[in-house]
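Beneath this line is the structure, given in structure tokens, with notes to follow.
The values are calculated or read from the model by the stated rules, or taken from the named source; none is laboratory data. This one's a predicted model, so the numbers in the text were calculated from it and none came from an experiment. Because the Cβ atoms are built from the backbone with ideal geometry, glycine has one as well, and the counts that use them run over all protein chains shown.
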């Protein structure tokens with residue numbers, strides 16, 4: 001039997017007085033919410049990468065210094081290029097060690113972001129945790145993109161302002177796209193939740209925020225051709241890969257959810 005790793009419920013230790021009973025009630029409510037969603041959540045220990053097939057995340061073409069340690073990881077930075085993530089920068093015994101590290105890393109990362117997504121969905125109840133986790137995996141390459149490390153940007157959110165301290169430049173739709181810098185990964189998660197609820201939730205039919213309905217809200221449809229027609233009618237979509245690139249964004253998200261059994265987080 002394959003080993004399972006359970007996502008633990010969050011333990012909260014709070015020192016309080018009687019006049020903080022309302023605050024404690026909210027904390028207890030949040031804790032129960034997290035326990036409810038994580039008690040059955042699990043990730044198999046055969047966590048191979050699903051992103052080797054996609055190459056979607058912003059900054060995937062970034063280049064870095066090519067000095068590596070004994071298991072094939074960069075010694076001067078904490079992020080990986082798309083080529084490095086696929087193990088094309090090494091070979092032999094080092095490649096075997098790199099692949100072993102990669103599997104362990106994916107397991108730990110998926111478990112970590114699953115818990116963070118559950119905590120976020122307990123605040124924004126209309127957003128299923130599975131959607132948050134799948135988008136982070138897809139948009140940040142399991143948190144190992146340059147944007148994720150240098151800007152705490154887990155979703156590839158672009159920057160529209162003029163403050164030079166608030167963005168970094170990386171190649172995506174163009175070679176000089178600007179991406180928002182966040183104070184922490186929590187701020188990136190919270191900004192994403194606000195974006196989804198303010199911009200896309202109104203598209204959800206019958207106000208039933210299932211994963212499938214959210215994906216339609218993001219792309220306007222579940223296939224590239226229909227999403228393209230949606231855009232041609234003057235509508236906007238979450239990502240250009242909704243309607244071009246050979247494989248619709250919605251299907252990529254669904255495949256990630258299925259591979260890591262993320263639907264268990266929504267139960």
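The number of residues in region 226-253 that are assigned to a helix (DSSP H, G or I) and either free of Cβ contacts under 8 Å to residues at least 12 places away in the same chain or buried (at least 19 other Cβ atoms within 10 Å of the Cβ) (or both) comes to 10. Looking across region 144-181, just one residue is surrounded by fewer than 22 Cβ atoms within 10 Å (Cβ to Cβ) and within 19 Å of residue 119 (Cα to Cα), and that is 152. Taken over region 254-263, residues that are surrounded by 17 or more Cβ atoms within 10 Å (Cβ to Cβ) and in contact with a helix residue (DSSP H, G or I) (Cβ under 8 Å, 6 or more places away or on another chain) amount to 5. Tell me whether region 130-149 contains one or more residues that are without any contact (Cβ under 8 Å) to a residue 40 or more places away in the chain and in contact with a strand residue (DSSP E or B) (Cβ under 9 Å, 6 or more places away or on another chain). Scanning region 130-149, I find no residue that is without any contact (Cβ under 8 Å) to a residue 40 or more places away in the chain and in contact with a strand residue (DSSP E or B) (Cβ under 9 Å, 6 or more places away or on another chain), so the answer is no.
If you check residue 155 against the conditions, is it modelled with pLDDT of 95 or more, out of contact with any strand residue (DSSP E or B) (no Cβ under 6 Å at 6 or more places or on another chain) and farther than 22 Å from residue 258 by Cα? No, not satisfied.
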